[in-house]
Amino acid sequence: MAMQFAEGDTLQALTKPPVTKTQLVMYSGASGDFNPIHTVEEFAVKAGLGGVIAHGMLTMAFVGQMLTDLVGTEGTLVDFGVRFKQMVRPGDTITCSGTVTRVENEAGGQRVFAEIWAANDKGDQVVSGDAEFLTYHN
């Protein structure tokens, strides 16, 4: 049976292992984003970034994984979006979570709205946003 949600509930968090430079190279290939700020230390330093930074869309993908893990096969992720707030760097451990802001009961389930975010291991929010998903009850 699908989970029941109420306003104020905390979403099940997802903590990813530390971001690695190898992961960034692999993500560059998968996404087609070969900007050297994500893979070449010297280039990122010369660009004024202080070093390599992770792709923002990789961090967004972590949030998407948290949401799809949450809804599983007994729900549907309708929509989510994020705003990028801080850079993620190799070595950062990213934890994704959220809070339910509204629940609409519908025939057969719930439509759930949530504030979502990802934070680094220092506690700094690196992305924030909103999500909408459906849960189905038998």
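Derivation of every value follows stated rules applied to the coordinates shown; laboratory data play no part. On a predicted model such as this, the values are computed, not experimentally measured, just so you know. Virtual Cβ from ideal backbone geometry, glycine too; neighbours counted across all protein chains shown.
Among the residues of the range 2-12, is any in a helix (DSSP H, G or I), closer than 27 Å to Asp130 by Cα and over 18 Å from the mean Cα position of the chain (by Cα)? The answer is no, given that none of the residues of the range 2-12 is in a helix (DSSP H, G or I), closer than 27 Å to Asp130 by Cα and over 18 Å from the mean Cα position of the chain (by Cα).
If I filter the range 1-22 down to residues being touching a residue at least 60 places away in the same chain (Cβ under 8 Å) and more than 29 Å from Ala107 (Cα to Cα), which single residue comes out as surrounded by the most Cβ atoms within 10 Å (Cβ to Cβ)? Going through the qualifying residues, I end up with Val19. A residue that is in contact with a Cys (Cβ under 6 Å, 6 or more places away or on another chain) and among the aliphatic types (A, V, I, L, M) cannot be found anywhere in the range 85-108. Within the range 57-90, the set of residues being within 19 Å of Val112 (Cβ to Cβ) and of a type in the set (Gly, Ala, Ser) comprises Gly64, Gly72, Gly75, Gly81. A single member of Val127, Val78 is more than 16 Å from Gly8 (Cα to Cα) and under 14 Å from the mean Cα position of the chain (by Cα), and it is Val127.
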